[in-house]
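Okay, structure first, notes after.
The values are calculated or read from the model by the stated rules, or taken from the named source; none is laboratory data. Note that the structure is a prediction, hence the values are computed from the model and not measured. All Cβ positions, glycine included, derive from the backbone under ideal geometry; neighbour counts span all protein chains shown. For the accessible areas, the whole protein counts, side chains as well, though only heavy atoms, and no ligand, DNA or RNA atoms are used. Shrake-Rupley method; radii C 1.70, N 1.55, O 1.52, S 1.80 Å.
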Amino acid sequence: MRVLGIETSCDETGVAVFDTERGLLAQALHSQVDLHAVYGGVVPEIASRDHLKRLLPLIRQVLAEAGAGRPDAVAYTAGPGLVGALMVGSGLANGLALAWQVPAIAVHHMEGHLLAPMLEDEPPEFPFLALLVSGGHTMLVAVEAIGDYRVLGTTLDDAAGEAFDKTAKLLGLPYPGGPALAQLAAGGRADAFTFPRPMLNRPGLDFSFSGLKTAVMLAVRELEVAGDIDQQRANIAASFQAAVVDTLVGKTLRAAKTEGYSRVIIAGGVGANTLLREQLAERFQGRVYYPRLEFCTDNGAMIAVAGACRLADAATPDIIEARARWRLDSLQPPGALT
Ligand code: KG4
Ligand code: ZN
(Lines give C-alpha, C1' and ligand atoms only; values in the text may rest on other atoms or scores of the structure.)
(Ligands and ions follow the chains in the order given, each with its own letter.)
Protein backbone atom coordinates (compact mmCIF):
# COMPACT_ATOMS: atom_id res chain seq x y z
CA MET A 1 0.00 0.00 0.00
CA ARG A 2 1.27 3.43 -0.94
CA VAL A 3 0.39 6.44 1.17
CA LEU A 4 0.75 10.05 0.07
CA GLY A 5 1.53 12.23 3.13
CA ILE A 6 0.84 15.97 3.26
CA GLU A 7 2.11 18.31 6.01
CA THR A 8 1.03 21.97 6.21
CA SER A 9 0.55 22.67 9.93
CA CYS A 10 3.00 25.55 10.21
CA ASP A 11 5.73 26.97 7.97
CA GLU A 12 6.91 23.96 5.98
CA THR A 13 5.07 22.39 3.05
CA GLY A 14 5.99 18.70 3.18
CA VAL A 15 4.94 15.93 0.81
CA ALA A 16 6.03 12.27 0.63
CA VAL A 17 5.03 8.82 -0.59
CA PHE A 18 5.56 5.89 1.77
CA ASP A 19 5.12 2.29 0.64
CA THR A 20 4.33 -0.28 3.33
CA GLU A 21 6.55 -2.83 1.54
CA ARG A 22 9.36 -0.70 0.15
CA GLY A 23 9.56 2.21 2.60
CA LEU A 24 9.93 5.86 1.63
CA LEU A 25 9.70 6.25 -2.16
CA ALA A 26 9.98 10.03 -2.49
CA GLN A 27 9.69 13.18 -0.47
CA ALA A 28 10.01 16.95 -0.90
CA LEU A 29 9.91 19.93 1.39
CA HIS A 30 9.47 23.63 0.85
CA SER A 31 10.50 25.77 3.81
CA GLN A 32 8.91 29.19 4.27
CA VAL A 33 11.69 30.35 6.60
CA ASP A 34 12.77 33.19 4.27
CA LEU A 35 9.21 34.52 4.02
CA HIS A 36 8.74 34.75 7.79
CA ALA A 37 12.29 35.74 8.79
CA VAL A 38 11.68 39.44 8.12
CA TYR A 39 8.83 39.37 10.66
CA GLY A 40 10.85 37.47 13.29
CA GLY A 41 8.29 34.65 13.48
CA VAL A 42 5.58 32.80 11.56
CA VAL A 43 2.80 34.98 10.12
CA PRO A 44 -0.21 32.62 9.80
CA GLU A 45 -1.83 34.33 6.78
CA ILE A 46 1.43 34.28 4.83
CA ALA A 47 1.93 30.62 5.78
CA SER A 48 -1.52 29.62 4.42
CA ARG A 49 -1.03 31.51 1.17
CA ASP A 50 2.36 29.96 0.53
CA HIS A 51 1.05 26.43 1.19
CA LEU A 52 -1.60 27.14 -1.47
CA LYS A 53 1.10 28.09 -3.93
CA ARG A 54 3.49 25.23 -3.23
CA LEU A 55 1.39 22.20 -2.51
CA LEU A 56 0.21 20.99 -5.94
CA PRO A 57 3.60 21.35 -7.69
CA LEU A 58 5.25 19.47 -4.78
CA ILE A 59 2.64 16.70 -4.96
CA ARG A 60 3.19 16.36 -8.72
CA GLN A 61 6.95 16.23 -8.21
CA VAL A 62 6.80 13.62 -5.45
CA LEU A 63 4.31 11.38 -7.29
CA ALA A 64 6.51 11.50 -10.39
CA GLU A 65 9.62 10.63 -8.37
CA ALA A 66 7.85 7.80 -6.58
CA GLY A 67 6.94 6.52 -10.06
CA ALA A 68 3.88 4.87 -8.69
CA GLY A 69 0.88 6.73 -10.07
CA ARG A 70 -2.15 7.12 -7.87
CA PRO A 71 -1.54 6.29 -4.19
CA ASP A 72 -3.77 3.92 -2.21
CA ALA A 73 -4.52 6.48 0.51
CA VAL A 74 -3.92 10.16 1.30
CA ALA A 75 -2.72 11.06 4.81
CA TYR A 76 -2.71 14.68 5.94
CA THR A 77 -1.92 16.64 9.07
CA ALA A 78 -5.29 17.46 10.63
CA GLY A 79 -3.87 19.26 13.70
CA PRO A 80 -2.66 20.62 15.99
CA GLY A 81 -1.35 23.69 14.20
CA LEU A 82 -2.33 26.93 12.46
CA VAL A 83 -5.89 26.39 11.28
CA GLY A 84 -5.58 28.33 8.02
CA ALA A 85 -2.42 26.44 7.12
CA LEU A 86 -3.97 23.09 8.07
CA MET A 87 -7.04 23.84 5.95
CA VAL A 88 -4.91 24.10 2.81
CA GLY A 89 -3.43 20.63 3.30
CA SER A 90 -6.58 18.98 4.57
CA GLY A 91 -8.80 20.52 1.87
CA LEU A 92 -6.51 19.39 -0.92
CA ALA A 93 -5.87 15.95 0.63
CA ASN A 94 -9.58 15.23 0.90
CA GLY A 95 -10.23 16.60 -2.58
CA LEU A 96 -7.55 14.36 -4.08
CA ALA A 97 -8.85 11.36 -2.15
CA LEU A 98 -12.35 12.00 -3.51
CA ALA A 99 -11.10 12.39 -7.07
CA TRP A 100 -8.89 9.30 -6.86
CA GLN A 101 -11.56 7.36 -4.97
CA VAL A 102 -9.14 6.37 -2.25
CA PRO A 103 -9.52 6.85 1.52
CA ALA A 104 -8.15 9.81 3.49
CA ILE A 105 -6.40 9.58 6.88
CA ALA A 106 -6.37 12.48 9.38
CA VAL A 107 -2.97 12.43 11.14
CA HIS A 108 -2.04 14.08 14.46
CA HIS A 109 1.08 16.20 13.85
CA MET A 110 2.80 15.06 17.07
CA GLU A 111 2.07 11.40 16.29
CA GLY A 112 3.85 12.10 13.00
CA HIS A 113 6.90 13.34 14.93
CA LEU A 114 6.64 10.39 17.31
CA LEU A 115 6.63 7.86 14.46
CA ALA A 116 9.38 9.59 12.41
CA PRO A 117 12.06 7.19 13.78
CA MET A 118 10.12 4.41 11.97
CA LEU A 119 11.57 5.83 8.73
CA GLU A 120 15.07 4.73 9.75
CA ASP A 121 16.82 1.41 9.01
CA GLU A 122 16.64 0.24 12.61
CA PRO A 123 13.32 1.49 13.93
CA PRO A 124 12.56 1.19 17.66
CA GLU A 125 10.36 -1.64 18.87
CA PHE A 126 7.46 -0.90 21.22
CA PRO A 127 7.25 -0.02 24.04
CA PHE A 128 9.44 3.08 24.33
CA LEU A 129 9.64 6.46 25.98
CA ALA A 130 9.34 9.47 23.66
CA LEU A 131 10.78 12.92 24.25
CA LEU A 132 8.82 15.15 21.87
CA VAL A 133 10.38 18.57 21.60
CA SER A 134 9.14 21.01 18.98
CA GLY A 135 8.29 24.68 18.57
CA GLY A 136 4.86 24.18 20.12
CA HIS A 137 5.24 21.13 22.37
CA THR A 138 7.48 19.59 25.00
CA MET A 139 6.28 16.19 26.16
CA LEU A 140 7.47 12.96 27.68
CA VAL A 141 5.21 10.19 26.41
CA ALA A 142 4.97 6.55 27.44
CA VAL A 143 4.36 4.72 24.16
CA GLU A 144 3.05 1.16 24.50
CA ALA A 145 1.89 0.86 20.89
CA ILE A 146 0.56 3.08 18.11
CA GLY A 147 -2.28 5.10 19.62
CA ASP A 148 -1.51 3.96 23.18
CA TYR A 149 0.05 7.12 24.59
CA ARG A 150 0.33 8.31 28.19
CA VAL A 151 1.68 11.84 28.64
CA LEU A 152 4.02 11.67 31.64
CA GLY A 153 5.14 15.27 31.61
CA THR A 154 4.61 18.42 29.63
CA THR A 155 5.63 22.06 29.73
CA LEU A 156 3.85 24.43 32.08
CA ASP A 157 4.74 27.46 29.94
CA ASP A 158 7.02 27.74 26.89
CA ALA A 159 7.85 24.76 24.70
CA ALA A 160 11.57 23.89 24.37
CA GLY A 161 11.71 25.13 20.76
CA GLU A 162 9.89 28.31 21.76
CA ALA A 163 12.49 28.88 24.50
CA PHE A 164 15.26 28.49 21.89
CA ASP A 165 13.44 30.88 19.52
CA LYS A 166 12.79 33.55 22.18
CA THR A 167 16.34 33.39 23.55
CA ALA A 168 17.72 33.62 20.03
CA LYS A 169 15.66 36.76 19.50
CA LEU A 170 17.06 38.27 22.71
CA LEU A 171 20.54 37.59 21.35
CA GLY A 172 19.67 39.31 18.07
CA LEU A 173 19.66 36.10 16.02
CA PRO A 174 17.36 35.56 13.03
CA TYR A 175 14.26 33.33 13.02
CA PRO A 176 14.10 30.36 13.37
CA GLY A 177 16.21 30.72 16.46
CA GLY A 178 17.00 27.10 17.38
CA PRO A 179 19.59 26.29 14.70
CA ALA A 180 21.08 29.82 14.84
CA LEU A 181 21.44 29.68 18.61
CA ALA A 182 23.04 26.22 18.47
CA GLN A 183 25.53 27.55 15.94
CA LEU A 184 26.41 30.58 18.09
CA ALA A 185 26.71 28.31 21.14
CA ALA A 186 29.40 26.26 19.36
CA GLY A 187 31.83 29.17 19.84
CA GLY A 188 30.91 29.82 23.48
CA ARG A 189 31.65 28.44 26.94
CA ALA A 190 28.79 26.54 28.53
CA ASP A 191 30.11 27.17 32.05
CA ALA A 192 30.36 30.95 31.65
CA PHE A 193 26.89 31.55 33.10
CA THR A 194 25.04 29.42 35.61
CA PHE A 195 21.47 29.49 34.38
CA PRO A 196 18.70 27.68 36.26
CA ARG A 197 17.85 24.09 35.35
CA PRO A 198 14.11 24.65 35.64
CA MET A 199 12.14 21.99 37.55
CA LEU A 200 15.10 19.60 37.63
CA ASN A 201 15.39 19.80 41.39
CA ARG A 202 11.64 19.26 41.84
CA PRO A 203 9.88 15.92 41.69
CA GLY A 204 7.70 15.05 38.70
CA LEU A 205 8.19 15.10 34.96
CA ASP A 206 6.84 18.50 33.93
CA PHE A 207 8.96 21.23 32.38
CA SER A 208 9.02 25.02 32.67
CA PHE A 209 11.25 27.32 30.66
CA SER A 210 10.02 30.82 31.47
CA GLY A 211 12.36 31.32 34.47
CA LEU A 212 15.31 30.40 32.30
CA LYS A 213 14.20 32.93 29.70
CA THR A 214 14.12 35.66 32.36
CA ALA A 215 17.61 34.72 33.59
CA VAL A 216 18.94 35.00 30.03
CA MET A 217 17.20 38.34 29.56
CA LEU A 218 18.90 39.74 32.67
CA ALA A 219 22.30 38.45 31.52
CA VAL A 220 21.83 40.06 28.08
CA ARG A 221 20.87 43.39 29.66
CA GLU A 222 23.98 43.41 31.83
CA LEU A 223 26.15 42.80 28.79
CA GLU A 224 24.52 45.64 26.91
CA VAL A 225 25.21 48.01 29.80
CA ALA A 226 28.84 46.84 30.07
CA GLY A 227 29.29 47.00 26.27
CA ASP A 228 30.98 43.62 26.32
CA ILE A 229 29.16 41.79 23.59
CA ASP A 230 30.50 39.29 21.05
CA GLN A 231 32.21 36.45 22.94
CA GLN A 232 29.76 36.90 25.80
CA ARG A 233 26.78 36.42 23.48
CA ALA A 234 28.25 33.09 22.44
CA ASN A 235 28.80 32.23 26.11
CA ILE A 236 25.17 33.05 26.93
CA ALA A 237 24.00 30.89 24.00
CA ALA A 238 26.19 27.98 25.13
CA SER A 239 25.13 28.30 28.78
CA PHE A 240 21.44 28.54 27.81
CA GLN A 241 21.69 25.50 25.52
CA ALA A 242 23.44 23.53 28.27
CA ALA A 243 20.66 24.41 30.75
CA VAL A 244 17.87 23.35 28.38
CA VAL A 245 19.63 20.14 27.37
CA ASP A 246 20.45 19.28 30.99
CA THR A 247 16.79 19.75 31.92
CA LEU A 248 15.45 17.71 29.00
CA VAL A 249 17.95 14.91 29.54
CA GLY A 250 17.51 14.91 33.34
CA LYS A 251 13.74 14.54 33.10
CA THR A 252 13.98 11.92 30.36
CA LEU A 253 16.37 9.80 32.46
CA ARG A 254 14.04 10.18 35.42
CA ALA A 255 11.02 9.08 33.36
CA ALA A 256 12.88 6.12 31.84
CA LYS A 257 13.96 4.97 35.29
CA THR A 258 10.59 5.41 36.99
CA GLU A 259 8.68 3.77 34.18
CA GLY A 260 11.32 1.16 33.38
CA TYR A 261 12.04 1.91 29.72
CA SER A 262 15.16 0.65 27.94
CA ARG A 263 14.38 2.48 24.69
CA VAL A 264 14.01 6.24 24.26
CA ILE A 265 13.21 8.19 21.11
CA ILE A 266 13.78 11.93 20.58
CA ALA A 267 11.71 13.67 17.93
CA GLY A 268 10.52 17.12 16.91
CA GLY A 269 12.52 20.13 15.76
CA VAL A 270 14.66 20.46 18.91
CA GLY A 271 15.59 16.79 18.38
CA ALA A 272 17.90 18.15 15.67
CA ASN A 273 20.04 19.69 18.43
CA THR A 274 23.40 17.93 18.43
CA LEU A 275 24.15 18.53 22.11
CA LEU A 276 20.79 17.03 23.10
CA ARG A 277 21.43 13.92 20.99
CA GLU A 278 24.97 13.53 22.32
CA GLN A 279 24.03 14.06 25.98
CA LEU A 280 21.12 11.65 25.94
CA ALA A 281 23.15 8.97 24.16
CA GLU A 282 25.96 9.43 26.70
CA ARG A 283 23.87 9.49 29.85
CA PHE A 284 21.09 6.98 29.07
CA GLN A 285 22.00 3.36 29.63
CA GLY A 286 19.48 1.96 27.16
CA ARG A 287 19.25 2.69 23.47
CA VAL A 288 18.39 6.09 21.99
CA TYR A 289 16.64 6.39 18.62
CA TYR A 290 16.03 9.48 16.57
CA PRO A 291 15.00 10.37 13.04
CA ARG A 292 17.68 11.63 10.66
CA LEU A 293 18.14 15.39 11.02
CA GLU A 294 15.86 16.40 8.13
CA PHE A 295 12.99 14.36 9.63
CA CYS A 296 13.27 15.99 13.08
CA THR A 297 11.75 19.24 11.86
CA ASP A 298 8.39 19.23 10.07
CA ASN A 299 8.22 17.10 6.93
CA GLY A 300 5.84 15.06 4.78
CA ALA A 301 7.58 11.72 5.32
CA MET A 302 6.53 11.50 8.97
CA ILE A 303 2.90 12.12 7.98
CA ALA A 304 3.08 9.48 5.23
CA VAL A 305 4.57 6.87 7.60
CA ALA A 306 2.06 7.74 10.34
CA GLY A 307 -0.71 7.36 7.76
CA ALA A 308 0.72 3.96 6.77
CA CYS A 309 0.58 2.92 10.44
CA ARG A 310 -3.05 4.07 10.56
CA LEU A 311 -4.44 2.47 7.41
CA ALA A 312 -7.09 0.89 9.63
CA ASP A 313 -8.50 4.41 10.14
CA ALA A 314 -8.59 5.22 6.43
CA ALA A 315 -12.07 6.42 5.51
CA THR A 316 -13.99 7.83 2.57
CA PRO A 317 -13.53 11.61 2.74
CA ASP A 318 -16.33 13.07 4.79
CA ILE A 319 -15.50 15.79 7.28
CA ILE A 320 -12.37 17.80 6.44
CA GLU A 321 -10.44 17.97 9.70
CA ALA A 322 -8.37 21.01 10.74
CA ARG A 323 -7.88 21.39 14.48
CA ALA A 324 -5.85 24.08 16.20
CA ARG A 325 -5.76 21.96 19.37
CA TRP A 326 -5.82 18.21 19.68
CA ARG A 327 -4.57 16.21 22.63
CA LEU A 328 -2.10 13.46 21.75
CA ASP A 329 -3.39 11.22 24.54
CA SER A 330 -6.93 11.39 23.15
CA LEU A 331 -5.80 9.22 20.20
CA GLN A 332 -6.91 5.59 20.02
CA PRO A 333 -5.12 2.59 18.51
CA PRO A 334 -5.66 2.21 14.73
CA GLY A 335 -9.09 0.84 13.90
CA ALA A 336 -10.51 1.50 17.37
CA LEU A 337 -13.03 4.06 16.15
CA THR A 338 -14.08 2.46 12.85
O1 KG4 B 1 8.95 20.27 14.88
P2 KG4 B 1 9.20 21.61 14.35
O3 KG4 B 1 9.85 21.72 12.98
O4 KG4 B 1 7.89 22.45 14.25
C5 KG4 B 1 6.88 22.35 15.22
O6 KG4 B 1 6.10 21.37 15.15
O7 KG4 B 1 6.88 23.24 16.09
O8 KG4 B 1 10.10 22.39 15.42
C9 KG4 B 1 10.55 23.68 15.22
C10 KG4 B 1 11.37 24.11 16.42
C11 KG4 B 1 11.73 25.59 16.38
O12 KG4 B 1 11.43 26.16 17.63
C13 KG4 B 1 13.24 25.55 16.12
O14 KG4 B 1 13.91 26.68 16.64
C15 KG4 B 1 13.64 24.27 16.82
O16 KG4 B 1 12.60 23.37 16.51
N17 KG4 B 1 14.94 23.74 16.32
C18 KG4 B 1 16.05 23.63 17.10
C19 KG4 B 1 17.07 23.12 16.25
N20 KG4 B 1 16.55 22.96 15.00
C21 KG4 B 1 15.24 23.34 15.07
N22 KG4 B 1 16.25 23.90 18.40
C23 KG4 B 1 17.48 23.67 18.89
N24 KG4 B 1 18.53 23.22 18.15
C25 KG4 B 1 18.37 22.93 16.83
N26 KG4 B 1 19.40 22.47 16.12
ZN1 ZN C 1 6.39 19.80 14.23
With a probe of 1.4 Å, find how much accessible area the chain has per residue, and write the answer as a whole number in Å².
-> 43 Å²
Using only Cα atoms, what is the ratio of the radius of gyration of segment 273-333 to 2.2 N^0.38 Å?
-> 1.55
Rounded tilt (10° steps) of 300-309 against the dominant C-alpha axis of the chain | 60 degrees
Cα gyration tensor, segment 126-290 - rounded (a/c under 1.5), prolate or oblate = prolate
Measuring from its Cα centre, the chain shows a charge dipole (+1 at each Lys and Arg Cβ, -1 at each Asp and Glu Cβ) which, in debye to the nearest 20, is 300 debye
Taking the chain as the reference, fit the longest principal axis to its C-alpha atoms, fit the long axis of helix 44-66 to the helix C-alpha atoms, and give the angle between the two in degrees, 0 to 90, nearest 10.
-> 60 degrees
From zero up to wherever the largest Cα-Cα distance of the chain sits, split into 10 Å bins and tell me the percent of pairs in each.
-> 6, 26, 32, 23, 10, 2, 0
What is the distance in Å between the Cα centres of segment 134-160 and segment 274-308?
-> 14 Å
Nitroxide proxy distance, nm - points 7 Å out along Cα→Cβ at Arg22 and Arg60 | 2.3 nm
Using a 1.4 Å probe on the protein chains only, how many percent of the accessible area of segment 209-329 belongs to carbon and sulfur?
-> 48 percent
Note to self, the chain gives a 222 nm [θ] from helices alone (DSSP H runs n ≥ 4, -39500 (n - 2.57) apiece, / all residues, nearest 500) of -13500 deg cm²/dmol
Measuring from centroid to centroid over Cα atoms, what is the spacing of segment 228-270 and segment 1-77 in Å?
-> 30 Å
How far, in nm, would the chain grow between Glu259 and Thr274 when pulled straight, counting 0.36 nm per residue and subtracting the alpha carbon separation?
-> 2.8 nm
Going residue by residue through segment 317-329, the Karplus relation 6.51 cos²θ - 1.76 cosθ + 1.60 with θ = phi - 60° gives ³J(HN,Hα) values, rounded to whole Hz and with x marking Gly or Pro, of x, 9, 8, 7, 8, 8, 10, 5, 10, 6, 6, 4, 7
Over segment 126-290, what is the percentage of antiparallel beta bridges among all DSSP beta bridges, to the nearest 5?
-> 60 percent
Residue span Ala336 to Ala324: 0.36 nm per residue of separation minus Cα-Cα distance leaves a gain in nm of 2.0 nm
